[in-house]
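**Student:** Sharing a structure, written as structure tokens. Questions coming.
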């Protein structure tokens, strides 16, 4: 899987609907991009966010890639906060509005934004 491919367990609607806003390259695998997921959606607003590497699937609870990371189960990836499914249901790749609501706007590296619908991929 390349850094531009969604994890195979990700819903196709989620992988194609939004650009992915990344905070940096993964310090663990050194191959993936660490992008923001909006999670715990209530009235279409995130109650928390996660940063997920699209290659090794390391997960951070804050947009600081120097902090502690965890991994979800590869066969049945669950959110480390509320145990909901990581790639379906009550989460999505974060939108600019989600990122602003999380207070993580300053962490986004605009040079690493990936748009799956772009012709430049």
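**Student:** Let me confirm something: among 107, 58, which residue is touching a residue at least 40 places away in the same chain (Cβ under 8 Å) and surrounded by fewer than 21 Cβ atoms within 10 Å (Cβ to Cβ)? Show your work before the answer.
**Tutor:** Details: 58 fails: touching a residue at least 40 places away in the same chain (Cβ under 8 Å).
So the residue among 107, 58 that is touching a residue at least 40 places away in the same chain (Cβ under 8 Å) and surrounded by fewer than 21 Cβ atoms within 10 Å (Cβ to Cβ) is 107.
**Student:** When you scan the range 3-23, do you find a residue that is part of a loop (DSSP other than H, G, I, E, B), more than 15 Å from residue 93 (Cβ to Cβ) and modelled with pLDDT under 95, even just one?
**Tutor:** First pass over the range 3-23, keeping only residues part of a loop (DSSP other than H, G, I, E, B): 3-11, 18-19, 21.
Right, trim to more than 15 Å from residue 93 (Cβ to Cβ) and you get 8.
Checking which are modelled with pLDDT under 95 leaves us with 8.
Yes - at least one qualifying residue is present in the range 3-23.
**Student:** Continuing with the same structure: Restricting to the range 42-55, name every residue that is within 12 Å of the chain's Cα centre (by Cα) and in a loop (DSSP other than H, G, I, E, B).
**Tutor:** Scanning the range 42-55 gives 54, 55.
**Student:** Give the residue that is surrounded by the fewest Cβ atoms within 10 Å (Cβ to Cβ), with candidates limited to residues of the range 21-50 that are without any contact (Cβ under 8 Å) to a residue 24 or more places away in the chain and more than 16 Å from residue 64 (Cα to Cα).
**Tutor:** Filtering the range 21-50 for residues without any contact (Cβ under 8 Å) to a residue 24 or more places away in the chain gives 30, 42-44, 47.
Filter once more, so that each one left must be more than 16 Å from residue 64 (Cα to Cα): 42-44, 47.
On the way: 42: 8, 43: 4, 44: 10, 47: 14.
Only one residue tops the list, namely 43.
**Student:** Taking the options 100, 73, name whichever one is without any contact (Cβ under 8 Å) to a residue 40 or more places away in the chain and not in a loop (DSSP other than H, G, I, E, B).
**Tutor:** Working: 73 fails: not in a loop (DSSP other than H, G, I, E, B).
The unique qualifying residue is 100.
The values are calculated or read from the model by the stated rules, or taken from the named source; none is laboratory data. The structure presented is a predicted model; accordingly, all values stated were derived computationally and were not measured. Counting neighbours? That spans all protein chains shown, and the Cβs are built from the backbone with ideal geometry, glycine included.
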